[in-house]
Structures are given as structure tokens and as C-alpha cells.
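Notes to accompany the following structure.
The values are calculated or read from the model by the stated rules, or taken from the named source; none is laboratory data. Computed from a predicted structure; not experimentally measured. Methodologically, a virtual Cβ is constructed for each residue, glycine included, from the backbone with ideal geometry; neighbour enumeration extends over all protein chains shown. When the accessible area is computed, the model is the full protein with side chains, heavy atoms only, and any ligands, DNA or RNA have been set aside. Shrake-Rupley method; radii C 1.70, N 1.55, O 1.52, S 1.80 Å.
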Amino acid sequence: MGDNMLNGNLKLALQKNGRLTEKSLNLLKSCDIDIEEYSARLIVTARNYNLDILLLRDDDIPEYVMDGVADIGIVGEDVLYEKKANVDVVRKLGYGKCKLSLAIPESQTLEDLSELNGKRIATSFPNILKSYLTQNNINATVVEISGSVEIAPSLGVADYICDLVSTGNTLKFNKLKKSFDIFSSQAVLIANKNIENDPDKKSQLDNLLVRIDSALTARKSKYLMMNAPKNSLEKIESIIPSLKSPTILPLADPEMVAVHAVIPTSKFWEIYKDLKEAGASGILLLPIENMIV
Ligand code: ATP
Ligand code: MG
């Protein structure tokens with residue numbers, strides 16, 4: 001470990017084993033950064049990039065980045081804001097999306113926020129909950145519990161709970177129901193505040209960000225290809241929500257052309273019918289690995 005810490009590589013803290021691990025490693029993969037088998041180790045060095053990866057409990061990541069043990073890290077916004085670490089949020093990464101929600105016993109109703117006044121709410125996110133309550137002028141008691149928050153109401157230690165809810169099955173099992181969301185979270189890339197003043201680290205981070213941005217942009221885009229009759233080209237061009245002007249290529253049939261364009265993935269399902277109606281055929285949608293805009 002000593003050698004690793006002195007090699008001058010940028011140090012990235014990742015969750016060792018949890019919901020963010022695989023997606024974060026996939027993001028690095030999309031950046032063409034290869035990591036050797038890491039199962040039992042605390043630090044691994046990328047095979048083909050000057051990057052050391054520290055594998056940690058996610059709870060420790062904000063503080064390690066704040067203290068400079070790691071230069072950067074990937075963590076959920078929920079954990080980041082709960083830990084109140086003083087770090088820079090450099091990028092929102094678009095995965096690890098979840099919501100922190102208030103849940104109440106199935107038999108009860110909650111119509112207005114003000115009904116939370118005087119209630120006890122169990123949570124493992126006391127800081128996020130407290131700031132939500134303060135912002136909304138609610139005077140409730142926050143009961144901090146580190147795990148299995150859902151059982152607090154049946155144990156009588158709280159009236160309601162505030163927890164990450166995904167399927168709602170755990171709630172149901174404990175005779176609770178979701179009431180409303182108080183915080184939306186996704187994975188973010190965070191950085192130590194001092195990187196700004198360290199030209200070497202700063203340029204390493206900037207280089208990594210070029211790759212991350214390219215991977216994130218590519219995820220949102222697809223390469224669209226089709227054949228089109230020349231005489232409907234204008235119509236087809238007007239349908240394509242292309243980032244740039246589409247590429248038009250000649251085909252063996254002089255009446256036909258191939259049209260290629262990069263489009264936002266989400267738009268495809270809105271336009272494919274119009275494209276067909278306009279005469280497009282052989283429509284293909286291909287993934288893009290990287291994209292520099
Ligand atoms: P660790 O052992 O590292 O402390 P953990 O059990 O505290 O792990 P996980 O359950 O792996 O944490 O969740 C890590 C992060 O993933 C959460 O902080 C949250 O940002 C996000 N997350 C939680 N639930 C979901 C979900 N259902 N879907 C997507 N992301 C989620
Ligand atoms: Mg944790």
C-alpha cells in the first residue's frame with residue numbers, strides 16, 4: 001500500500017462491494033480504463049492508466065476524499081449530503097438513482113406536511129431529514145437508526161420512517177406505505193477541494209474527465225442509419241433530431257441514399273414511425289462507445 005500512495009497517480013475511491021460498484025467499474029471500462037481482478041484488495045492500479053483505485057465502504061468515501069486520502073471518489077448524493085463532507089461535486093453520473101422517502105403505517109394517512117409536527121421519524125439519514133424538516137418549518141423528532149429502519153414503528157420507537165425505497169416490498173412486509181419523497185439521489189463524482197491548486201493532479205483529473213464526459217455523452221446517444229429515397233431526403237432530414245447535420249452517402253441505386261446521424265437515444269422511439277412513413281428503410285440503431293463533442 002505504501003508504494004501505491006507515493007506513485008503520483010490520481011486516487012479514486014470506489015464502493016468496494018455494493019450497489020454502485022459494478023456500474024462504477026463499467027463507467028471506467030467505458031473510459032477504456034482496465035482494472036485487474038481486485039476482490040481481496042484495498043488498492044488496485046489500473047493496467048493502462050495512471051489511476052489507483054481505493055475500494056472502501058461507501059460511508060467512508062466522502063471523508064477520505066475531503067481529507068485527501070483519495071483525490072476523487074464516486075458516491076451516492078444521499079451519502080454525500082448525509083456526511084456533509086466539504087468536497088467538490090464534479091459530475092453527476094446518471095446511475096445509482098434512488099429516492100429517500102417518508103413512509104407511514106398502512107392504516108394511517110398523511111395529507112399535509114404539517115401533520116409531521118410532534119411526530120418521531122426513524123432514519124439512517126438524520127442530517128438530510130433534519131434539513132428537510134427545518135426547510136419546511138416542521139418540528140419533529142428524528143430517531144437515528146443505522147439499519148432495518150422499517151421495524152422502528154412496530155417496535156414503537158418511531159411513528160414514521162424515512163428511508164431509501166426501491167420496490168416497496170420491505171415496506172409492505174412491515175405494514176408500511178410510502179407517503180412522499182424527500183430527496184432524490186444519483187451517483188456523483190466528487191473531488192478534493194485542493195486539487196484546484198495542484199496543477200499535476202488537476203491535469204490528471206481533467207484528462208480523466210474528458211474520458212468520463214465522452215462515455216456519458218455516448219451513453220445518451222446512438223448512431224442511426226437508414227436508406228432513403230433521394231426525393232424524400234428533405235423530409236427525413238427534418239425528422240432527425242441530429243446533433244449535427246446528418247451524413248448522406250450514395251448507394252448503388254441512384255435513386256437512393258444512406259443517411260447516418262447521431263441522435264439522443266430517447267428520441268428514437270418518437271421518430272421511427274415518421275421515418276418509415278417518409279420512406280426510410282433498413283433503419284439501424286447502433287450503440288456508440290465514446291463521443292467527443
Ligand atoms: P457499504 O457496504 O459500502 O456501506 P451500503 O449497504 O451502505 O454499502 P448500498 O446499499 O450498496 O450501500 O447502496 C449504495 C448507494 O447506492 C446508496 O447510497 C444509494 O446512493 C444507491 N442506491 C440505494 N438503493 C438503490 C437502488 N434501489 N437503486 C439504485 N441505487 C441505489
Ligand atoms: Mg454504506
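Annotations
- Tabulated pairs, the range 16-30, first touching a residue at least 24 places away in the same chain (Cβ under 8 Å), second in a loop (DSSP other than H, G, I, E, B) and within 16 Å of ligand 2 (Cβ to nearest atom), C-beta under 7 angstrom, 6+ apart or interchain: Lys16/Arg57; Arg19/Gly96; Leu20/Gly96; Lys23/Gly96
- Restricting the range 72-97 to residues that are in contact with a strand residue (DSSP E or B) (Cβ under 8 Å, 6 or more places away or on another chain) and open to solvent by 40 Å² or more (accessible area, probe 1.4 Å) leaves a set whose member that is nearest to ligand 2 (Cβ to nearest atom) is Tyr81.
- Residue match in the range 236-248 (condition: within 30 Å of Asn48 (Cβ to Cβ), open to solvent by 70 Å² or more (accessible area, probe 1.4 Å) and not aromatic (Phe, Trp, Tyr)): yes
- The single residue among Asn48, Asn86 that is polar (S, T, N, Q), in a loop (DSSP other than H, G, I, E, B) and at pLDDT 95 or above turns out to be Asn86.
- In the range 174-194, the residues that are open to solvent by 30 Å² or more (accessible area, probe 1.4 Å), among the hydroxyl-bearing types (Ser, Thr, Tyr) and more than 13 Å from Ile104 (Cβ to Cβ): Ser184
- Screening the candidates Lys130, Lys177, Lys92, Lys119 for the property of being in the same structural domain as Val210 (by TED's automatic domain parsing) and either out of contact with any His (no Cβ under 6 Å at 6 or more places or on another chain) or among the hydroxyl-bearing types (Ser, Thr, Tyr) (or both) yields one hit, Lys92.
- Test: residue in the range 34-42 that is at pLDDT 90 or above and either open to solvent by less than 10 Å² (accessible area, probe 1.4 Å) or among the aliphatic types (A, V, I, L, M) (or both): no
- Restricting the range 92-136 to residues that are in a strand (DSSP E or B) and among the hydroxyl-bearing types (Ser, Thr, Tyr), the residue that is farthest from Leu209 (Cα to Cα) is Thr123.
- Meets criteria (within 14 Å of ligand 1 (Cβ to nearest atom), farther than 27 Å from Lys202 by Cβ and free of Cβ contacts under 8 Å to residues at least 12 places away in the same chain) for Ser124: no
- Residue check for Asn26: at pLDDT below 90, of a type in the set (S, T, N, Q) and away from ligand 1 (no atom under 11 Å from the Cβ): no
- For beta carbons closer than 7 Å, sequence separation of 6+ or different chains, a first residue in the range 44-58 that is charged (D, E, K, R) and a second that is at pLDDT 95 or above and away from ligand 1 (no atom under 16 Å from the Cβ), the qualifying pairs are Asp52/Lys11.
- Matching helices (runs of 4 or more DSSP H) fully within the range 174-293 where at least 3 residues are within 24 Å of Lys92 (Cα to Cα) and in contact (Cβ under 8 Å) with a residue 60 or more places away in the chain: 199-220
- Matching residues, the range 137-173, being open to solvent by 70 Å² or more (accessible area, probe 1.4 Å), in a loop (DSSP other than H, G, I, E, B) and touching a strand residue (DSSP E or B) at 6+ places or on another chain (Cβ under 8 Å): Ser166
- Members of the range 53-71 found to be crowded, with 18+ Cβ neighbours inside 10 Å, in contact with an Asp or Glu (Cβ under 9 Å, 6 or more places away or on another chain) and closer than 22 Å to Asp200 by Cβ, listed by number: Val65, Ala70, Asp71
- Test: residue in the range 107-125 that is of a type in the set (Phe, Trp, Tyr), modelled with pLDDT of 95 or more and touching a Lys or Arg at 6+ places or on another chain (Cβ under 8 Å): no
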